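The values are calculated or read from the model by the stated rules, or taken from the named source; none is laboratory data. On a predicted model such as this, the values are computed, not experimentally measured, just so you know. Positions of Cβ are generated from backbone atoms using ideal geometry, with glycine treated the same way; all protein chains shown enter the neighbour counts. Accessible surface areas use protein heavy atoms only, side chains included; no ligands, DNA or RNA. Shrake-Rupley method; radii C 1.70, N 1.55, O 1.52, S 1.80 Å.
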Amino acid sequence: GELGTEKLRFYDVLGQPVNQAFRLTSLAARRNVSNLVAADTYEAAGRENRPAAVEQDLVEIGADKLRLFKIEG
């Protein structure tokens, strides 16, 4: 979104999807995993485009309970 005044403007990303992505990234770092994705993102790729993955435990991130996948490889 665009923030600021006419003299000073800057852009930032805000909202629940951004907060969830930040929390998911933090969780992946704590687990020492660089390839962790939420189930809705993984499944949205479509069966023919999905990489091999292993489903992880259900976690609470903020107010959401998410199924997670660790991408193989």
### Query
Do the conditions hold for Asn35, that is, is it over 18 Å from Ile71 (Cα atoms) and touching a residue at least 24 places away in the same chain (Cβ under 8 Å)?
no
### Query
Is it the case that Ala21 is out of contact with any helix residue (DSSP H, G or I) (no Cβ under 7 Å at 6 or more places or on another chain), at pLDDT below 90 and surrounded by 14 or more Cβ atoms within 10 Å (Cβ to Cβ)?
yes
### Message
Exactly one of these conditions fails for Leu14: (1) out of contact with any Gly (no Cβ under 7 Å at 6 or more places or on another chain); (2) modelled with pLDDT under 90; (3) loosely packed, with under 11 Cβ neighbours inside 10 Å. Give me its number.
### Response
(1)
#### Entry: Residues that are surrounded by fewer than 17 Cβ atoms within 10 Å (Cβ to Cβ) and in contact (Cβ under 8 Å) with a residue 24 or more places away in the chain, drawn from the stretch 43-69
Val59, Gly62, Asp64, Arg67
### Query
Which residue pairs have Cβ atoms closer than 7 Å, lie 6 or more positions apart in sequence or on different chains, and pair a first residue in the stretch 14-31 that is within 13 Å of Val59 (Cα to Cα) with a second residue that is open to solvent by 70 Å² or more (accessible area, probe 1.4 Å)?
Ala28/Ser34
